[in-house]
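Chemist: Got a structure here, written out as structure tokens. Questions coming.
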């Protein structure tokens, strides 16, 4: 089991809970941590080994792993050398200090912002934004203040099933009733039902935000991210307006995640993308920046076989 200390440690980016193979050895977990002293794409894999020694490699980065930073050892986990990259906040005590610092600053500079859950004194939310900004307090403060202001102005707390009922009735997007095989809530977008010239962009945004909130409310203990699925089957010219790529369509979803729900999106599946979608993706990809790395192009069969069981398939993927 991963100890709470390791899960809370500010250097830990995420914990991959599915088995992996490294050097031919089957391992039960992989612990991936950020190394702020190396390029953003570089990270270290921390794995359970029989002799307790860590194994490290570069993930997604260049073939040559960067030099390892100062290591921290967590003696509380038998058989694991729980190593975390040294960061600007290399202990839970330091992280707590930063949370209180940002909380106090928000109260002083933006006293009119709401308090309570998702408000300026929500320490869990503050910690999440600090983690997203690599524990740089100024960056987290700026991004968090913007997010809380947006939630207040957009009246996120007032969004309900009834308030988005009309646009939701189109079937263009929904939160699946079941989790995927990795235990993630699932947000499905049916692109063929998106008609930018006929649908109100404000209503689209309301639906997007409501569904993100709904998906996050379904997070089980130990899970922090959701799976997004863009079902591109049947996508055609009527759906291919440039608005689909920008603030009114696909980019809207990524934009909302980046600014207001950072690190909540685990992966995005683009399913059975037709030829007409490919050039649009080449335009959109640079705009999405790092979020483009979350995208996987795959078939509907892959979705069925790799992400769900026969009993938990989303309705539009049932045979």
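Please treat every number below as a calculation from the coordinates, not as lab data. Please read these numbers as outputs of a predicted model, since none were measured by experiment. Virtual Cβ from ideal backbone geometry, glycine too; neighbours counted across all protein chains shown.
Chemist: Please give the length that would be gained between residue 312 and residue 160 if that part of the chain were fully extended, namely 0.36 nm times their separation in residues minus their C-alpha to C-alpha distance (nm, one decimal).
Modeler: Values: separation 152, 0.36 × 152 = 54.72 nm, distance 2.51 nm.
Extra length available between residue 312 and residue 160 comes to 52.2 nm.
Chemist: What length, rounded to one decimal in nm, is gained on full extension from residue 283 through to residue 115, with 0.36 nm per residue of separation minus their alpha-carbon distance?
Modeler: Values: separation 168, 0.36 × 168 = 60.48 nm, distance 3.99 nm.
This chain segment gains 56.5 nm when fully extended.
Chemist: Moving on. Distance between the C-alpha centers of the stretch 112-151 and the stretch 269-319? Whole Å please.
Modeler: Cα centroid of the stretch 112-151 versus Cα centroid of the stretch 269-319: 31 Å apart.
Chemist: Once both labels are modelled 7 Å past Cα along the beta-carbon direction, what's the residue 177-residue 305 spacing in nm?
Modeler: Going from the residue 177 label point to the residue 305 one covers 2.7 nm.
Chemist: Can you give the FRET efficiency to the nearest 0.05 for residue 203 and residue 139, using r as the Cβ-Cβ distance and R₀ = 45 Å? Please list the in-between numbers first.
Modeler: Details: r = 32 Å, r/R0 = 0.72.
FRET efficiency, residue 203 to residue 139: 0.90.
Chemist: Could you list log10 I(q)/I(0) for the stretch 165-317 at q = 0.10 Å⁻¹, which the Debye formula gives when each Cα is one point scatterer?
Modeler: At q = 0.10 Å⁻¹ the computed log10 ratios are -0.31.
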